[in-house]
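Student: Pasting a structure below so you can have a look.
The values are calculated or read from the model by the stated rules, or taken from the named source; none is laboratory data. Remember, it's a predicted structure, so these values are computed and weren't measured experimentally. Note that we place each Cβ from the backbone using ideal geometry, even for glycine, and neighbour counts take in every protein chain shown.
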Amino acid sequence: MPATESLSYFLDRPGGAFTPARGPIPLPGPGEILLRTRRTSVCQSDVVIQRVGLPRIREWPAVILHEVSATVEAVGEGVTKFAPGDLVGLGCDIPCGDRTCIYCGDEGTGDWTSCPNTQATGHEFPGFARSHAVLPDWFVDLGPIVKFPSGFNPDHACQLEPLACTLEGMTRVNNCIENRVVVLIGAGAQSTYALQCARAMGARKIILVNRGAARLDRVLIDFGDDRVVGVRWDDAVVERVFAECRPFNEPHFVMMNAPCREGYELSVKLLGYGTVLDAHAGVKGAGGKPRIAQEVDLNNDIHYKLQCYQATHGSSMHGIRLAHSLLAEGKLPLLDRMTRPDERFRPDQILEAINRAADPDSLKVIIDWD
């Protein structure tokens, strides 16, 4: 098999443009695999990176985009888990590359985000704004890469990573979704994934909270059923949410998916007896992560009300496997509604795709590399 020519799009700087570059890509060595990119979907992190940058990206120009599905084009000597023609999906958070690491290595715990040298695709590790990539042996052996059944839709496979992040938060505490009242703050892509997962996991009721009526209506129409209600985020939002929880007094699970201070402030007002709060959307920018203070009564709230505060950023193989299972088993039948015709782009339209993803009515933008 001859060497492959790869097309990469480099973001020259924050706020800048994407410049195409072609060059040969080597054949995979022992333990490595060569991937051909099929789809990349756009995350809100990509919007932030393109517009203002992130401290984790230390070198510019940079190859970004991390939500990806790809076909295995070739495998190196010793690779048995994958074969040419396999469709795979990848996670964003990846091992540090040190196979002796107590978190990331062959005998590690798999808690990659706890490693001081953790990596993320599209951040420290090159992303998939490129047509081909060779994955190193440690990524193939230890990283978040899973194979989908023959004939599986690459549009769905590229959404493995955001679904995995969502499921990490929804399953960290046992039995907090099934037959429970779930509140989702924000009606963006992450809440829409969470809504679909909550339905698949048997939630009793799902309350979707959002400021804008247009986005709220879109999600309710396209993804709702008789268990799903929408609540406008206004001055009476707390009272309305508690009213929708009846006959329970409060929600069992709150997922804060609005990346803003106001989202955090609202989320803690919705906590009741036994409520699990997943602070899913962090607040970050080019200047780092601002401090958002909240006083917690460790005795009367944590102990006597059994409240649970947790946060999810990124995913481990736990979330990857759950997401793979829901996708491969067809348990998210409405996933195609995430992407409208005007949310599909070509690789030479990455900047346009990112700008569309930033629109308040957009859910999931997909870049088609085929």
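Student: Quick check on this structure: which one of A129, A164, A133, A83 is small (G, A, S) and more than 21 Å from C43 (Cβ to Cβ)? So that I can check it myself, show each step before the final result.
Tutor: On the way: A129 fails: more than 21 Å from C43 (Cβ to Cβ); A164 fails: more than 21 Å from C43 (Cβ to Cβ); A133 fails: more than 21 Å from C43 (Cβ to Cβ).
Selected residue: A83, the only one of A129, A164, A133, A83 that is small (G, A, S) and more than 21 Å from C43 (Cβ to Cβ).
Student: Tally time: how many residues in region 97-114 are modelled with pLDDT of 90 or more and under 17 Å from I320 (Cβ atoms)?
Tutor: We begin by selecting, within region 97-114, every residue modelled with pLDDT of 90 or more; these are 97-109.
Within this subset, residues satisfying the condition of being under 17 Å from I320 (Cβ atoms) are 103-104, 108-109.
Here the count works out to 4.
Student: Right, something else. Would you check if R240 is of a type in the set (D, E, K, R) and either under 21 Å from the mean Cα position of the chain (by Cα) or closer than 14 Å to T192 by Cα (or both)?
Tutor: Values: of a type in the set (D, E, K, R): yes; either under 21 Å from the mean Cα position of the chain (by Cα) or closer than 14 Å to T192 by Cα (or both): no.
For R240, the condition - of a type in the set (D, E, K, R) and either under 21 Å from the mean Cα position of the chain (by Cα) or closer than 14 Å to T192 by Cα (or both) - is not met.
Student: Would you confirm, using the coordinates I've provided, whether T312 is buried (at least 17 other Cβ atoms within 10 Å of the Cβ) and at pLDDT 95 or above?
Tutor: no
Student: If you don't mind, another one. I want to confirm something. Restricting to region 199-217 and keeping residues that are under 14 Å from G230 (Cβ atoms) and of a type in the set (G, A, S), which single residue is surrounded by the most Cβ atoms within 10 Å (Cβ to Cβ)?
Tutor: For region 199-217, the residue satisfying everything is G212.
Student: OK, next. Give the residue that is nearest to T192 (Cα to Cα), with candidates limited to residues of region 344-370 that are surrounded by 20 or more Cβ atoms within 10 Å (Cβ to Cβ) and out of contact with any Phe, Trp or Tyr (no Cβ under 8 Å at 6 or more places or on another chain). Let's see the steps before the verdict.
Tutor: As a first pass, look at region 344-370 and keep what is surrounded by 20 or more Cβ atoms within 10 Å (Cβ to Cβ): 345, 347, 350, 353-354, 357, 362-367, 369.
This time we only want the ones that are out of contact with any Phe, Trp or Tyr (no Cβ under 8 Å at 6 or more places or on another chain), so: 345, 354, 357, 362-364, 369.
On the way: F345: 21, I354: 19, A357: 14, S362: 11, L363: 8, K364: 10, W369: 25 Å.
Filtering first and then ranking leaves L363.
Student: When the residues of region 145-201 are narrowed to those that are among the charged types (D, E, K, R) and closer than 19 Å to I94 by Cβ, which ends up modelled with the lowest pLDDT?
Tutor: Result: E168.
Student: If I filter region 47-80 down to residues being closer than 18 Å to A21 by Cβ and not polar (S, T, N, Q), which single residue comes out as nearest to the chain's Cα centre (by Cα)?
Tutor: Going through the qualifying residues, I end up with L65.
Student: Then there is this: Which of (1) aliphatic (A, V, I, L, M); (2) within 24 Å of S131 (Cα to Cα); (3) in contact with a helix residue (DSSP H, G or I) (Cβ under 6 Å, 6 or more places away or on another chain) does L351 not meet, given it meets every other one?
Tutor: All conditions pass for L351, except number (3).
Student: Given the conditions (1) of a type in the set (F, W, Y); (2) surrounded by 17 or more Cβ atoms within 10 Å (Cβ to Cβ); (3) not in a helix (DSSP H, G or I), and given that F248 satisfies all but one, which numbered condition is not satisfied?
Tutor: (2)
Student: Go through (1) touching a strand residue (DSSP E or B) at 6+ places or on another chain (Cβ under 7 Å); (2) surrounded by 12 or more Cβ atoms within 10 Å (Cβ to Cβ); (3) modelled with pLDDT under 95; (4) farther than 29 Å from F152 by Cβ and name the single condition T4 misses.
Tutor: (4)
Student: Which numbered condition in (1) surrounded by fewer than 16 Cβ atoms within 10 Å (Cβ to Cβ); (2) touching a Gly at 6+ places or on another chain (Cβ under 6 Å) is the only one that V63 fails?
Tutor: Condition not satisfied by V63: (1).
Student: Restricting to helices (runs of 4 or more DSSP H) lying wholly in region 260-370: which have 2 or more residues that are without any contact (Cβ under 8 Å) to a residue 40 or more places away in the chain?
Tutor: Qualifying helices (runs of 4 or more DSSP H): 261-269, 350-357.
Student: Go through region 7-42 and report how many residues are surrounded by 12 or more Cβ atoms within 10 Å (Cβ to Cβ) and under 13 Å from A129 (Cα atoms).
Tutor: 18
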